[in-house]
Amino acid sequence: MKKRWRKHLSIWTGTCAYILFLLVCILLYAIDYITNVIQVESFSQFLYTMQVGMGGASNTIVQILQGFAQTYLIWIIIATILYACFLHLFIQEKHAKKSYRFSNTVLTLNSAALVASVITAGTLVYQVKQGYKALKIDEYFEEQNIVSTLYEDHYTKTDSSLVQFPKKKKNLIYIYLESMESTYADKEHGGEFVQNLIPHLTQLANDNVDFSENDSLMINGGQVTNNTSWTVAGMVAQTSGTPLGVSNSKYNHSFDEDMLFMPNVVSLGDLLKEQGYSNTLMCGSEASYAGRANYFRQHGDYTILDLNEAHESGKLPKDYHEWWGFEDSKLIEFAKEEITELAKQDQPFNFTMLTADTHFKDGYLCEDCPDTFDEQYENVIMCSDQRIAEFVHWIQQQDFYQDTVIVLAGDHLSMDGLINQEVGLDCQRKTYFTVINGPDYTLNKTRSYTTLDVFPTTVEALGAQIEGDHLGLGTSLYADAPTLSEEFGFEWLNKQISYHNVCYEQEIMEGDGLDVDGNEREETNMTLLSYFMPKTKTGQQ
């Protein structure tokens, strides 16, 4: 009985050591991925992604698996071979005739397995702590236990009564540039790179309005706050002046078509629809991913032209899938066709599109991309720079251009770890933002702003006037009124957005998580989110 107990103990400890080693490999790679391969700005961003799931992000999943295999496959193979040898010895010892041989071998293997288990368990605990730190979970808990009055004090609820549009409406072509930063310019032009990765976009910023001082070659850009640092959150911020928080426990992340998405928010699409605009969203991926389709359908009744529509309409073969769906070269050609048709209508149009080639990791390297740099991502950025500039020039050559405003805006900062490696962690990175063919910018000063300020700025770029110059948490950059980051500082604003806010949850997000009939949907994927919803303590910041 004693020998059998020793033998079984060795098998269990050896198996435990093997499993723990696999977990350590997975955790090591996960920590490296979120700290070096990509940049996770906040735990809220991580929570949102986990609740949404990875549907529509198959290329990212493939990259993760490939990276894991390249880094740890050889170690896992070695560990598997050792584990197989470990089990094989026991099979042999089971039939051994000499008891002393059995006892000595079992004792040795038992000791080795126990030592391996202790070491791997200790390593696992340490890596869990490192992952906790890397994901900034401690900051998240601290933030959720502080109450802010940011929305009570500084949020202007958007209403059409506050906005006066001109009689003659201007069209809007709004181009979200995936992960595009003014940081990519060289230092001579306000960026952080030795060689300018975006020379054409730099020229467009200098020739048009980027809300910097007159005659300055230094291009400006918007800072990104918490809860606005991923694509759908960036789009919501830039079209409503409202961060996309995940602290509301009723907030449903399944994003079925009949689920409400921030029903109390009035967005750019809502305002334009009321003014008789036709709204269109085009992207080269599945628009439903992360709730984008819900948001734009419910706020402006946008026509959605995405990967699924391209398959259904015959623009692309049914089985076509490249990168996130289809590449930007095709996206722009489809956009030209759609804009040409929209321009033939009698009503003004808002055509919004989202590029994808510059998404992490490394971007999509098409056949047109240059081979200037050693890093693929830098080549992809430069390729996108030229492609977007050519698209803008095409728009400017069309008859409808004189009545059209073009907005070029990075949706958020790049999550590709290469950028921080190149410019350093202390660099003040900014998204790219330029308005073309809008009103003259007359303030002659470089504005300090966030992507939340883009919303009222876009409204006034169309020739509208905003009573009080504020919408949501944003301030029009055309107005001689300070943005929140100018008045209080970016760090203050960023912290306030992260803190718990009663007005945000009970008024702005009221109704979120309900279906269109006002019924609560049974949550099936909120376990992780609910776990990280600490109870709020009474306090003031």
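Residue count for the range 112-168, restricted to those that are surrounded by fewer than 13 Cβ atoms within 10 Å (Cβ to Cβ) and either at pLDDT 95 or above or closer than 30 Å to residue 300 by Cβ (or both): 9. Pairs meeting the criteria (first residue in the range 337-362 and more than 20 Å from residue 385 (Cβ to Cβ), second residue part of a loop (DSSP other than H, G, I, E, B), beta carbons under 6 Å, at least 6 apart or on different chains) are 347/276; 348/169; 348/277; 350/277. Of the residues 416, 403, the single one that is farther than 15 Å from residue 199 by Cβ and at pLDDT below 95 is 416.
Yes or no, residue by residue, for (1) in contact with a His (Cβ under 9 Å, 6 or more places away or on another chain); (2) in contact (Cβ under 8 Å) with a residue 40 or more places away in the chain; (3) not in a strand (DSSP E or B):
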{"residue": "167", "(1), (2), (3)": "no, no, yes"}
{"residue": "173", "(1), (2), (3)": "no, yes, no"}
{"residue": "179", "(1), (2), (3)": "yes, yes, yes"}
{"residue": "197", "(1), (2), (3)": "no, yes, yes"}
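Among all positions in the range 94-110, there is no residue which is in contact with a helix residue (DSSP H, G or I) (Cβ under 8 Å, 6 or more places away or on another chain) and modelled with pLDDT of 70 or more.
Summed over the range 181-195, the residues that are in a helix (DSSP H, G or I), buried (at least 24 other Cβ atoms within 10 Å of the Cβ) and touching a helix residue (DSSP H, G or I) at 6+ places or on another chain (Cβ under 7 Å) give a count of 2. Quickly run through the range 301-336 and pick out the residues that are of a type in the set (S, T, N, Q) and farther than 23 Å from residue 278 by Cβ. 329 - this is the single residue of the range 301-336 that is of a type in the set (S, T, N, Q) and farther than 23 Å from residue 278 by Cβ.
Does any residue in the range 370-383 that is free of Cβ contacts under 8 Å to residues at least 60 places away in the same chain come within less than 9 Å, Cβ to Cβ, of a residue that is among the small types (Gly, Ala, Ser) and surrounded by 12 or more Cβ atoms within 10 Å (Cβ to Cβ) six or more places away or on a different chain, and which pairs are these? So the pair list comes out as 376/363; 377/363; 377/414; 379/363; 380/363; 383/363.
Scan the range 347-394 for residues that are of a type outside the set (A, V, I, L, M, F, W, C) and under 17 Å from residue 421 (Cβ atoms) and the total you get is 10.
Between 425, 365, the distinction of being surrounded by fewer than 18 Cβ atoms within 10 Å (Cβ to Cβ), of a type outside the set (Lys, Arg) and closer than 23 Å to residue 225 by Cβ belongs to 425 only. Taking the criterion of being hydroxyl-bearing (Ser, Thr, Tyr) and either out of contact with any Leu (no Cβ under 9 Å at 6 or more places or on another chain) or not assigned by TED's automatic domain parsing to the domain that holds residue 208 (or both), the residues of the range 399-440 that qualify are 401, 414. Consider the range 283-308 and keep the residues that are acidic (Asp, Glu) and surrounded by fewer than 20 Cβ atoms within 10 Å (Cβ to Cβ). The one that is nearest to residue 261 (Cα to Cα) is 301. Say whether the condition of being modelled with pLDDT under 95, in a helix (DSSP H, G or I), over 13 Å from residue 235 (Cα atoms) and not charged (D, E, K, R) is met by at least one residue in the range 254-262. No: zero hits.
For every residue, the table says whether it meets (1) part of a helix (DSSP H, G or I); (2) closer than 18 Å to residue 366 by Cβ.
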position: 264; (1), (2): no, no
position: 272; (1), (2): yes, no
position: 308; (1), (2): yes, no
position: 316; (1), (2): no, yes
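One residue stands out among those in the range 286-307 that are modelled with pLDDT under 95 and of a type in the set (S, T, N, Q): the one that is farthest from residue 161 (Cα to Cα), which is 288.
The values are calculated or read from the model by the stated rules, or taken from the named source; none is laboratory data. All values derive from a computational prediction rather than experimental measurement. In this analysis, Cβ positions are derived from the backbone assuming ideal geometry, glycine residues included, and neighbour counts consider all displayed protein chains.
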